[in-house]
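Below you'll find the structure, written out as structure tokens, and then a few comments.
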Amino acid sequence: ITIDKVDFPQVVYLIVDQNIDLQIKQLNHFPNWQFLPSKDLSRKTLVIYNDIKSAKRDCNKDHKVIKVPNPKVFKLASSRLKSKGITRLINEENLISL
């Protein structure tokens with residue numbers, strides 16, 4: 001799904017490390033997406049959570065959960081995310097292309 005077609009909830013959550021750096025993972029770390037070609041599995045992703053409970057469940061001691069009150073910021077910052085190599089977002093069961 002492209003980011004223009006996604007209806008995000010009003011508030012989403014991200015996991016960051018103690019320096020407030022984004023928690024970037026490769027797509028091959030997610031077993032739900034293993035059917036994709038190896039070229040796609042090497043892409044960098046950000047995981048976006050719809051509720052704080054699920055975000056805290058995946059959070060380690062050296063990480064924090066931050067609230068993103070306006071998810072439209074991902075559309076606005078997509079060029080900046082792409083410059084860092086992040087080309088996909090994962091939200092619940094959706095793989096979102098920037």
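Among the residues of segment 17-53, those identified as assigned to a helix (DSSP H, G or I), touching a residue at least 40 places away in the same chain (Cβ under 8 Å) and surrounded by 12 or more Cβ atoms within 10 Å (Cβ to Cβ) are Leu27, Trp33. For segment 78-98, state whether one or more residues are over 15 Å from the mean Cα position of the chain (by Cα), at pLDDT below 90 and not charged (D, E, K, R). The answer is no, given that none of the residues of segment 78-98 is over 15 Å from the mean Cα position of the chain (by Cα), at pLDDT below 90 and not charged (D, E, K, R).
Check off (1) touching a residue at least 60 places away in the same chain (Cβ under 8 Å); (2) part of a loop (DSSP other than H, G, I, E, B); (3) of a type in the set (Lys, Arg) for Lys61 and give me the number that stays unchecked. So the condition that Lys61 fails would be (1).
The values are calculated or read from the model by the stated rules, or taken from the named source; none is laboratory data. These figures come from a predicted structure and were not determined experimentally. Neighbour counts are summed over all protein chains in view; Cβ atoms, including those assigned to glycine, are modelled from backbone coordinates with ideal geometry.
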